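The values are calculated or read from the model by the stated rules, or taken from the named source; none is laboratory data. From a predicted model like this one, the values you see are computed outputs, not experimental measurements. Please note: Cβ atoms are built from the backbone with ideal geometry, for glycine as well, and neighbour counts cover all protein chains shown. These area figures cover heavy atoms from the full protein model, side chains too; ligands, DNA and RNA do not enter into them. Shrake-Rupley method; radii C 1.70, N 1.55, O 1.52, S 1.80 Å.
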Amino acid sequence: MSRLKVAVVGAGTMGTVHSEAYREMADVDLVGILDIRPEAAQRLAARRETAAYTTLNALIQAAQPDVVDVCVPTYLHRQVVEAAAVAGCHVICEKPIARTLADAEAMIRVCQAAGVKLYIAHVVRFFPEYRRAHDLVCDGAVGRVGVVRAMRGGAFPVGWEDWYANVAKCGTVIVDSMIHDFDFLRWCFGEVDRVYAKSQLGRDMVQSDHAFVSLRFQNGVIAHVEGTWAYPSGFYTELEMAGAKGLIEFRSQDAIAVHTQIRQSERAHAGVQVPESPLVKSPYQLELEHFLECIRRDVQPLVTAEDACKALEISLAALASARAGKPVRLAQTPNTTASVQERLTRGNQDD
Amino acid sequence: MTEYHLGVGILSFAHMHAYTYADILRRMPSVRIQAVADFDEERGRAAQARFGGAFYQDYQALLTRDDIEAVIVCSENSRHAEMVIAAAQAHKHVLCEKPMATRVEDAQRMIETCRQHGVKLQIAFPVRYCSPLRRLKQTVDAGRLGRIVAIRGTNHGQNPGGWFVERQWSGGGAVMDHTVHVVDIMRWLTHSEVREVYAEIDTRFYDIETDDCGLLMLEFDNGVFASHDPSWSRPQTYPTWGDVTLEVVGTEGITRVDALAQHLNVYQDQEGRYQHVFFGDSMDAGLLTDFVACVRTDKEPFISGEDGLRALEVTLAAYESAQSGRPVRLR
């Protein structure tokens, strides 16, 4: 199984990014792209020189992928993931793992029963700036950590049927975007004790969403996480980790290594600005290569489906706090994996 | 026509801002520093040598001077009330270092006494005179951001040590020291009061009896929500003392302000680190110019005792919330 056949489901933003990464991999065959919108499937498949499909059955029968990469809106993850797993395909699925914990846990159970892997694409762990920061902080580079600040966001995302604006389908910026930072911070500092959140949820939020989340970890670290879809344009990330012996700061704006301006012309009506931070391999490619390597070698990934469940738990607690205006305590779970496993066997409901 | 000079006295150099204020006052042609007072004789004599005027160990004696119309109170936080009230009773106008007090009752008595004796009480919130923040205020007031949705603030610093970390004198650590400036700016921008406060507060950086870090989550009367980080979380090697940053999110746009962005990056081998050298406008000069103008022209201070009180209430509510684990309702 050295060469792997991968199919991408969903020809939106993430499907475009992931399929591009697969095309960069010498030992991967991108065997198909599926989208229920035939033109979208055709367009992306043509760009990636692969076949287009509009149903999962047709894709699996014709292309026989080893791996299905699920890049559809969050609320549709469960149905696609379960269908692919039942057909015997390993699954890579975009974050958040699902919109509800019940869906997430069902997906994990079905993949386990089918004997296939389930990897959730928490790509921030593969961004070199975050990975470096994680390694430094875990090596004690700044001493005991006191306060951490993370920021992520920009313009309101454009999606199919405007699903990002639908709280029931997407869960606001808190579930869709800030989950990146929740997962990253949990990777650095362990389990969260309590969450308090303020957001535009319950206020007017037409094509705009902004949230502040306060996290208190079991080890005492205080974290401020800001998520925004309220900027007129752009995308920004920031990270700051303050310890008793030092401080780590990162601002995406300061890491723009190449800044190009194109003169206004007949072809480009407005002057165009292109900020870039180029890397040999994108974090997406690093992440997907890692998951494929874990399939080949049958080893634990850097981020597990159980980690993805825990990150979702933090997001849902923040959403509940924003709604109720009260802090929300997370269940005391000193050992992550065991507790998620425990609940999976009980077949718990939530949300 | 006789040239008018405003006679000023400085009550205590316990707070390091006293030196900055005195330096600015000394250079103002219409101001004379007539006297300084300090319980700490050595510190007070040194200040006298640097800024001129008479020296008093007992500030009450300074207050008997007729050639002093106004005083600057820069004592330890918990001594503000006593000194401000005495100054008002001696009919001196007062500029009081922030936080104006450590207890709400003290702040209320300070405001009341100044009102009774007809003297000005201005609280030292110089950030309102910071040019980048004034530009933000203009942008907001002109409606360019639409309606304000959320505000994120930081006022990070380093542990100042000394009485700042002794609860008896400071009333609290980082949260007491670094909450009021930004809360004042948020009130100024939103024209609204903080209704509810939730906070996480702890001591995680230093071995001290006060807090050194915190995170405040705020809800305003008009539905704006906000967060603020007052932590003393800048390490010793940080290139400047800390920061004041604000992000205002509106329905039509956003503005980010870094009050200390106007700096040079200076690398000096002998210092063993790199430093920021600020080149923007001095906000302290703006504060003192306005205070002097208020006294001379009998104008109401731009930053009042009530402004100081409202910011203090938020700070104390943050401590209460961190203690109880629940949001604290202010109004």
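Per the listing A:VAL137, A:VAL142, the residue uniquely assigned to a loop (DSSP other than H, G, I, E, B), over 19 Å from A:GLY12 (Cβ atoms) and within 14 Å of chain B (Cβ to nearest Cβ) is A:VAL142. Within segment B:171-200, being over 24 Å from A:ALA322 (Cα atoms), within 13 Å of chain A (Cβ to nearest Cβ) and open to solvent by 10 Å² or more (accessible area, probe 1.4 Å) holds for one residue alone: B:HIS178.
Those residues that are hydroxyl-bearing (Ser, Thr, Tyr) and within 18 Å of the chain's Cα centre (by Cα), I need them from segment B:108-141; list them, please. Can you show your working first?
Step one: of segment B:108-141, the residues hydroxyl-bearing (Ser, Thr, Tyr) are B:113, B:129, B:131, B:139.
Selection gives B:TYR129, B:SER131.
Please find, among A:LEU292, A:LEU286, A:LEU279, the residue that is open to solvent by less than 40 Å² (accessible area, probe 1.4 Å), farther than 20 Å from A:PHE182 by Cα and of a type in the set (A, V, I, L, M). Lay out the reasoning, then the answer.
Values: A:LEU286 fails: open to solvent by less than 40 Å² (accessible area, probe 1.4 Å); A:LEU279 fails: open to solvent by less than 40 Å² (accessible area, probe 1.4 Å).
On inspection, the qualifying residue turns out to be A:LEU292.
What are the residues in segment B:52-87 that are among the hydrophobic types (A, V, I, L, M, F, W, C), surrounded by fewer than 20 Cβ atoms within 10 Å (Cβ to Cβ) and in contact (Cβ under 8 Å) with a residue 24 or more places away in the chain, if any? Before the answer, list the steps.
Within segment B:52-87, the subset among the hydrophobic types (A, V, I, L, M, F, W, C) is B:54-55, B:61-63, B:68, B:70-74, B:81, B:83-87.
Narrowing further to those that are surrounded by fewer than 20 Cβ atoms within 10 Å (Cβ to Cβ): B:54-55, B:61, B:85-86.
Listed by number, the residues that qualify are B:ALA61, B:ILE85, B:ALA86.
Of the residues making up segment A:206-234, those that are within 9 Å of chain B (Cβ to nearest Cβ), touching a strand residue (DSSP E or B) at 6+ places or on another chain (Cβ under 8 Å) and farther than 19 Å from A:ASP183 by Cβ are A:SER208, A:HIS210, A:GLY220, A:ALA230, A:TYR231, A:PRO232.
Every test in (1) out of contact with any helix residue (DSSP H, G or I) (no Cβ under 6 Å at 6 or more places or on another chain); (2) of a type outside the set (D, E, K, R); (3) open to solvent by 10 Å² or more (accessible area, probe 1.4 Å) is passed by A:TYR75 save one, and that test is (1).
Within segment B:237-253, being in contact (Cβ under 8 Å) with a residue 40 or more places away in the chain, out of contact with any Cys (no Cβ under 9 Å at 6 or more places or on another chain), β-branched (Val, Ile, Thr) and within 19 Å of A:VAL147 (Cβ to Cβ) holds for one residue alone: B:THR245.
Taken over segment A:44-55, the criterion of being surrounded by fewer than 19 Cβ atoms within 10 Å (Cβ to Cβ) and not in a loop (DSSP other than H, G, I, E, B) is satisfied by A:ALA46, A:ARG47.
Which one is nearest to the other protein chains (Cβ to nearest Cβ), of the residues in segment A:118-133 that are in contact (Cβ under 8 Å) with a residue 12 or more places away in the chain and either of a type in the set (S, T, N, Q) or surrounded by fewer than 20 Cβ atoms within 10 Å (Cβ to Cβ) (or both)? Write out each step before concluding.
At the first step, the residues of segment A:118-133 found to be in contact (Cβ under 8 Å) with a residue 12 or more places away in the chain are A:118-130, A:133.
So of that shortlist, the ones also either of a type in the set (S, T, N, Q) or surrounded by fewer than 20 Cβ atoms within 10 Å (Cβ to Cβ) (or both) come out as A:128-129.
Working: A:PRO128: 23, A:GLU129: 20 Å.
The residue in question is A:GLU129.
Would you mind stating whether A:LEU101 is open to solvent by less than 10 Å² (accessible area, probe 1.4 Å) and modelled with pLDDT of 95 or more? It is false that A:LEU101 is open to solvent by less than 10 Å² (accessible area, probe 1.4 Å) and modelled with pLDDT of 95 or more. Quick check, is B:ALA49 assigned to a helix (DSSP H, G or I), out of contact with any Phe, Trp or Tyr (no Cβ under 7 Å at 6 or more places or on another chain) and more than 23 Å from B:VAL175 (Cβ to Cβ)? Taking the combined requirement at face value, the residue satisfies it. For A:VAL195, the conditions (1) modelled with pLDDT of 95 or more; (2) under 17 Å from B:GLU196 (Cα atoms); (3) facing chain B (nearest Cβ under 7 Å) all hold with the exception of (3). All of B:ARG256, B:ARG273, B:ARG234 fail the test of being more than 9 Å from every other protein chain (Cβ to nearest Cβ), closer than 20 Å to A:VAL148 by Cα and of a type in the set (Lys, Arg), apart from B:ARG256.
Among the residues of segment B:31-46, are any outside any loop (DSSP other than H, G, I, E, B), closer than 26 Å to B:PRO160 by Cβ and touching a residue at least 40 places away in the same chain (Cβ under 8 Å)? Checking segment B:31-46: not a single residue is outside any loop (DSSP other than H, G, I, E, B), closer than 26 Å to B:PRO160 by Cβ and touching a residue at least 40 places away in the same chain (Cβ under 8 Å). On the stretch given as segment A:129-160, residues that are within 23 Å of A:ALA257 (Cα to Cα) and in contact with a Ser or Thr (Cβ under 6 Å, 6 or more places away or on another chain) total 3. Being charged (D, E, K, R), part of a helix (DSSP H, G or I), open to solvent by 10 Å² or more (accessible area, probe 1.4 Å) and closer than 18 Å to A:LEU330 by Cα holds for only one residue in A:ARG216, A:ARG186, A:ARG194, and it is A:ARG186.
A:ALA21 meets each of the listed conditions (1) closer than 18 Å to A:GLU289 by Cβ; (2) open to solvent by 50 Å² or more (accessible area, probe 1.4 Å) apart from (2).
Could you pull out the residue among A:VAL274, A:VAL299 that is in a loop (DSSP other than H, G, I, E, B) and either open to solvent by less than 40 Å² (accessible area, probe 1.4 Å) or outside the structural domain of A:LYS95 (by TED's automatic domain parsing) (or both)? Walk me through how you get there before you give the answer.
Working: A:VAL274 fails: in a loop (DSSP other than H, G, I, E, B).
After ruling out the rest, the residue left standing is A:VAL299.
For segment A:1-18, the candidate set comprises residues that are farther than 18 Å from A:GLU94 by Cβ and part of a strand (DSSP E or B); within that set, the residue that is most open to solvent (accessible area, probe 1.4 Å) is A:LYS5. Please determine whether any residue of segment A:24-37 is among the β-branched types (Val, Ile, Thr), open to solvent by 30 Å² or more (accessible area, probe 1.4 Å) and more than 21 Å from A:LYS281 (Cβ to Cβ). There is at least one residue in segment A:24-37 that is among the β-branched types (Val, Ile, Thr), open to solvent by 30 Å² or more (accessible area, probe 1.4 Å) and more than 21 Å from A:LYS281 (Cβ to Cβ). Filtering segment B:95-111 to residues that are touching a Gly at 6+ places or on another chain (Cβ under 9 Å) and either open to solvent by less than 10 Å² (accessible area, probe 1.4 Å) or without any contact (Cβ under 8 Å) to a residue 60 or more places away in the chain (or both) leaves B:CYS96, B:LYS98, B:PRO99, B:MET100, B:ALA101, B:ALA107, B:MET110. Here is a list of conditions, (1) touching a strand residue (DSSP E or B) at 6+ places or on another chain (Cβ under 9 Å); (2) without any contact (Cβ under 8 Å) to a residue 40 or more places away in the chain, and B:ASP212 meets all of them except one; can you say which number that is? Answer for B:ASP212: the failing condition is (2). Determine whether A:ARG251 is among the basic types (Lys, Arg) and either without any contact (Cβ under 8 Å) to a residue 12 or more places away in the chain or under 22 Å from B:PRO230 (Cα atoms) (or both). Yes, satisfied.
A quick yes/no check of all residues on (1) more than 10 Å from chain B (Cβ to nearest Cβ); (2) within 22 Å of B:ALA322 (Cα to Cα); (3) buried (at least 17 other Cβ atoms within 10 Å of the Cβ):
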{"site": "A:LYS169", "(1), (2), (3)": "yes, no, yes"}
{"site": "A:ARG203", "(1), (2), (3)": "no, no, no"}
{"site": "A:TYR236", "(1), (2), (3)": "no, no, no"}
{"site": "A:MET241", "(1), (2), (3)": "no, yes, yes"}
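Scanning segment B:142-170 for residues that are away from chain A (no Cβ under 14 Å) and within 15 Å of the chain's Cα centre (by Cα), we see that the one that is nearest to B:THR102 (Cα to Cα) is B:SER170.
When you scan segment B:201-291 for strands (runs of 3 or more DSSP E) that lie fully inside it, which ones turn up with 1 or more residues that are open to solvent by 70 Å² or more (accessible area, probe 1.4 Å)? First the steps, then the outcome.
Working: elements: B:213-220, B:225-229, B:245-250, B:254-258, B:263-268, B:273-278.
Answer list for segment B:201-291: B:254-258, B:263-268, B:273-278.
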